[in-house]
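A quick write-up on the structure given underneath.
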Amino acid sequence: MSRRHLPAGLCPRLRFDGWIAGIGTSSGTRLVLGHWNRSPFGPFSDVMIERADGERLLLAPSGRTADFVRGTYHFDTVCVVPVDVRVADGTWTVTAGPLGLCFTVGRRGVAGLLLRAVPGVLAARPAWAALTNWPARLLPAHVRTRGSAGAGRREWYGVRDLRPVRAISAVFEGHDLGAMAPVDPPVRFGFGSVPRKPTLTRVTTTVELREWPSFPARPADT
């Protein structure tokens with residue numbers, strides 16, 4: 001049986017539970033932080049960067065995570081660097097190779113409060129992400145909760161919380177990226193973008209592979 005053509009019923013699903021922060025800057029560089037408390041690789045964080053000229057970069061903490069992420073999304077450059085994320089009193093501090101990022105989050109709005117009320121077991125299921133995909137496309141521009149990823153993979157995002165980003169400080173390769181700005185134009189790493197307004201989102205991501213993973217992994221519940 002080919003590793004690339006598993007029957008649909010046998011395709012393994014992997015689950016990642018954590019947070020995604022989408023942030024724009026006045027320099028035109030847009031940043032997407034993934035902070036995963038639970039994943040098949042253990043806890044890890046990565047940063048996707050799209051520069052004003054359209055170059056897409058991935059900063060990942062290990063070769064295994066870099067290989068998986070670039071197999072799922074699209075990048076022009078991939079760098080394996082230490083990625084450190086610290087959270088204290090609503091302030092997130094990120095150090096990732098040439099990137100230094102600090103941002104603060106505000107109080108939840110109505111959407112965040114409603115999403116927090118959804119039971120975690122339900123929000124984590126791909127069926128919930130599929131159900132919410134249609135209204136998600138109507139409300140935050142360019143946001144989708146399911147779609148096709150790289151290498152024939154499918155992906156679902158079960159959104160569980162939303163908090164606004166209120167302020168940022170970001171330096172990349174020694175250059176200040178400027179003030180916080182909308183994520184505009186949308187980032188082009190995968191089938192959708194993060195919200196246009198800088199936002200921190202709690203999410204359970206399910207990735208369905210077309211091949212057996214080459215690393216030990218606990219399959220996600222369907």
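The values are calculated or read from the model by the stated rules, or taken from the named source; none is laboratory data. This is a predicted model, so every value here is computed, not measured. Please note: Cβ atoms are built from the backbone with ideal geometry, for glycine as well, and neighbour counts cover all protein chains shown. Only protein heavy atoms, including side chains, enter the accessible area calculation; ligands, DNA and RNA are left aside. Shrake-Rupley method; radii C 1.70, N 1.55, O 1.52, S 1.80 Å.
Observations
- Every pair of residues 6+ apart whose Cβ atoms lie under 8 Å, when the first sits in region 56-72 and is within 20 Å of S193 (Cβ to Cβ) while the second is crowded, with 19+ Cβ neighbours inside 10 Å and of a type in the set (S, T, N, Q): none
- Only listed residue being surrounded by 15 or more Cβ atoms within 10 Å (Cβ to Cβ), of a type in the set (S, T, Y), assigned to a strand (DSSP E or B) and in contact (Cβ under 8 Å) with a residue 12 or more places away in the chain, chosen from S45, S27: S45
- When each of V165, V121 is tested for being open to solvent by 40 Å² or more (accessible area, probe 1.4 Å) and either among the β-branched types (V, I, T) or modelled with pLDDT under 90 (or both), the lone residue that passes is V121.
- Taken over region 73-93, the criterion of being touching a residue at least 24 places away in the same chain (Cβ under 8 Å), open to solvent by less than 50 Å² (accessible area, probe 1.4 Å) and not hydroxyl-bearing (S, T, Y) is satisfied by F75, V83, V85, W92.
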